1. Hey, can you tell me all the residues within the range 101-139 that are hydrophobic (A, V, I, L, M, F, W, C), over 19 Å from LEU14 (Cβ atoms) and crowded, with 17+ Cβ neighbours inside 10 Å?
2. Hey, among LEU633, LEU608, which residue is out of contact with any Asp or Glu (no Cβ under 6 Å at 6 or more places or on another chain), closer than 25 Å to GLU529 by Cα, surrounded by fewer than 19 Cβ atoms within 10 Å (Cβ to Cβ) and among the aliphatic types (A, V, I, L, M)?
3. Which one of these is touching a residue at least 24 places away in the same chain (Cβ under 8 Å) and either assigned to a strand (DSSP E or B) or surrounded by fewer than 22 Cβ atoms within 10 Å (Cβ to Cβ) (or both): ILE428, ILE421?
4. Give the range 172-181 a look and list any residue that's crowded, with 21+ Cβ neighbours inside 10 Å, in contact with a helix residue (DSSP H, G or I) (Cβ under 7 Å, 6 or more places away or on another chain) and touching a residue at least 60 places away in the same chain (Cβ under 8 Å), or say none.
5. One residue is enough: does the range 557-565 have a residue meeting the conditions within 30 Å of ARG501 (Cβ to Cβ), of a type in the set (Val, Ile, Thr) and modelled with pLDDT of 95 or more?
6. From the list LEU391, LEU454, LEU462, LEU367, which residue is out of contact with any helix residue (DSSP H, G or I) (no Cβ under 9 Å at 6 or more places or on another chain) and closer than 30 Å to LEU502 by Cα?
7. Do you know which of the residues in the range 184-203 that are out of contact with any strand residue (DSSP E or B) (no Cβ under 9 Å at 6 or more places or on another chain) and polar (S, T, N, Q) is surrounded by the fewest Cβ atoms within 10 Å (Cβ to Cβ)?
8. Which members of the range 150-170 meet the condition of being part of a loop (DSSP other than H, G, I, E, B) and either buried (at least 20 other Cβ atoms within 10 Å of the Cβ) or at positive phi (or both)?
Amino acid sequence: MRLEEIVKERILILDGAMGTMIQRYGLTEADFRGERFRDVPGLMAGNNDLLSLTRPDVIRDIHRKYLAAGADIIETNTFSSQRVSMADYHVEDYCREINLAACRIARELADEFTARNPEKPRFVAGSVGPTNKTCSMSPDVNNPAYRALTFDELVAAYREQMEALLEGGVDALLIETIFDTLNAKAAIYAAEASMQTAGRKVPLMLSVTVSDKSGRTLSGQTMEAFLTSVAHADIFSLGLNCSFGAHDLIPFLQILAHRSPYYISVYPNAGLPNSMGEYDQTPDQMAEEMKFFVDEGWVNIIGGCCGTTDEYIARFPALATQGRPHVPAGKAETLCLSGLEQFELTPEVRFVNVGERCNVAGSRKFLRLVKEKNYEEALEIARKQVEDGALVIDINMDDGLLDARQEMVTFLNLLASEPEISRVPVMIDSSKWDVITAGLKCVQGKSIVNSISLKEGEEVFLAHAREVKRLGAAVIVMAFDEKGQADTYERKIEVCARAYRLLVDEVGFNPHDIIFDPNVLAIATGMEEHDNYAVDFIRATGWIRSNLPGAHVSGGVSNLSFSFRGNNYIREAMHAVFLYHACREGMDMGIVNPATSVMYGDIPSDILTVIEDVVLNRRPDAAERLIELADKLKAEAEAAKAGQPGA
């Protein structure tokens, strides 16, 4: 039977800690080096993965002990077998060979035990560790924008490892001890590419580690945010390992069990280490704590991490027979995004306010600060928007005098070091595809891409959409195709319907991750053909929400009032009126100034009537009347200012 079938029937047993077992053998530097690596510089002791080449007998013996203890799944001895980690030992060029050797050892032992008892098949999981570097954090406190490792470098390292693991015959890939979600996203990206290259699809297992009792990863994400960040992947199981003992993992495993649509794994440490770094919890004590997870129905796979040996794992088969396997939760039927924290677009939220001020095209101040490399003050603009209520921060660096790609990467890296800002998701906004992809490779959360369209045809549209999905983001789709920008109601719904079908049917995009922008265009421009633009947007919004299940609607609201730039009150009042009517039709997101002071209900009735006449195109002279009103209000404001003492 396959792993995917057995996991539904019973709780499976994963093996224990490879490192703990290796320590029992009292190996010396010579054991790690062998004859082959005698002249490699530096210390080699501690490079456990190299033992698959220099002391395969030890690794074989450890696998045998875990299988004899009842493990259904054993992990390959490859936790650090990629170039990033192996470079510390100057053996990075041996990664492929190490992975193949480790697979061969594990595969032989698993097959041997399966042959002995076909009723209890044994499986091999390719162990893929987090590396010793992080993509989300700077190792230099004086330069928070610096990264010792890029997403692309990590993907390349993981692909070399995973392609060897797949060639070696693993039954699953286990990305484990995840402390930085961006590292995990790179591993997921590499796993999907490797499986495609190898022509083999195997279950993908993820296991995260929390860094403290608050339940956050080392890179700062909550469990809910982590779940959202990896939701784009085809995941078999997700769980927790390392961190603490079983008891201290209860609240975090409960979150995963109740919210995750995947099978659940847990393999904790043998309690907390003592002052000597050793683990005092006995096998019986650990089994008693693990029993709680089984009794609660939270788990499908149980095992052990630091401090556990075959004696611990031997206690688990009896536990597994006492409980029923966990039944995964259903997938969230809503738009979920994440920064360090999760954002879920529930009915209670009603409208997602996307902060617009970190856009060089819309904020002269932000543009000036970026040009001057005054990032500290530029970050304050982002911080102020979050304080003012922005639920998402739009970031755009498209300017002819800027290196947009580099500025996007720099700003997002800096943003990651500011938890008050990075707790909310970001919208990566650019007309340049390389800027968008560079930005996506900097964020550990689930962001929004702004935007893709059918402007360059279906082939480019589908390629972009697939990459957005692989990189784990939601997407704004502009109502734009080969014929140009959709400006009428009919054109808007035609383009959006076509894009929706391509995204859902051909790319497999989650409909809830699709956000349409039917083009907010300027009204009251003096051109009659522009007068119905707001009405067409509002009507198209209603049609999209009724006919394209799951999809959302957004827009750049400030475009609407472009003709009245310089008159902030009229502009904000127009935005308030437009949003009032568009939101009633289902618009649930918009790029706006979160500090806006004009609310629909506060607009005086006489002014409201004039503005609604324009927004809803209710009379032919609506624009002229609004211009007269704007001039009148401006004159009154100037007169009031002139009459102030000291003016």
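1. Pass one, the range 101-139, residues hydrophobic (A, V, I, L, M, F, W, C): 101-103, 105-106, 109-110, 113, 115, 123-125, 128, 135, 137.
Pick out the ones that are also over 19 Å from LEU14 (Cβ atoms) and you get 101, 115, 135, 137.
Passing the criteria: ALA101, CYS135, MET137.
2. On the way: LEU633 fails: closer than 25 Å to GLU529 by Cα.
Going through LEU633, LEU608 in turn, just one is out of contact with any Asp or Glu (no Cβ under 6 Å at 6 or more places or on another chain), closer than 25 Å to GLU529 by Cα, surrounded by fewer than 19 Cβ atoms within 10 Å (Cβ to Cβ) and among the aliphatic types (A, V, I, L, M): LEU608.
3. Checking each option against the conditions leaves just ILE428.
4. Passing the criteria: only THR181.
5. Within the range 557-565, the subset within 30 Å of ARG501 (Cβ to Cβ) is 557, 559-560.
Checking the rest, the ones that are also of a type in the set (Val, Ile, Thr) come to 557.
Of the ones still in play, those that are also modelled with pLDDT of 95 or more are none.
Within the range 557-565, none of the residues are within 30 Å of ARG501 (Cβ to Cβ), of a type in the set (Val, Ile, Thr) and modelled with pLDDT of 95 or more.
6. Numbers: LEU454 fails: out of contact with any helix residue (DSSP H, G or I) (no Cβ under 9 Å at 6 or more places or on another chain); LEU462 fails: out of contact with any helix residue (DSSP H, G or I) (no Cβ under 9 Å at 6 or more places or on another chain); LEU367 fails: closer than 30 Å to LEU502 by Cα.
LEU391 is the lone residue from the list that is out of contact with any helix residue (DSSP H, G or I) (no Cβ under 9 Å at 6 or more places or on another chain) and closer than 30 Å to LEU502 by Cα.
7. Step by step, filter the range 184-203, then rank; the result is GLN196.
8. Filtering the range 150-170 down to residues part of a loop (DSSP other than H, G, I, E, B) leaves 150, 168-170.
Once the filter is applied, which keeps residues that are part of a loop (DSSP other than H, G, I, E, B) and either buried (at least 20 other Cβ atoms within 10 Å of the Cβ) or at positive phi (or both), the range 150-170 yields GLY168, GLY169, VAL170.
The values are calculated or read from the model by the stated rules, or taken from the named source; none is laboratory data. In this text the structure is predicted, and so the values were computed from the model without any measurement. With ideal geometry, Cβ positions are generated from the backbone for all residues, glycine too; neighbour counts draw on all protein chains shown.
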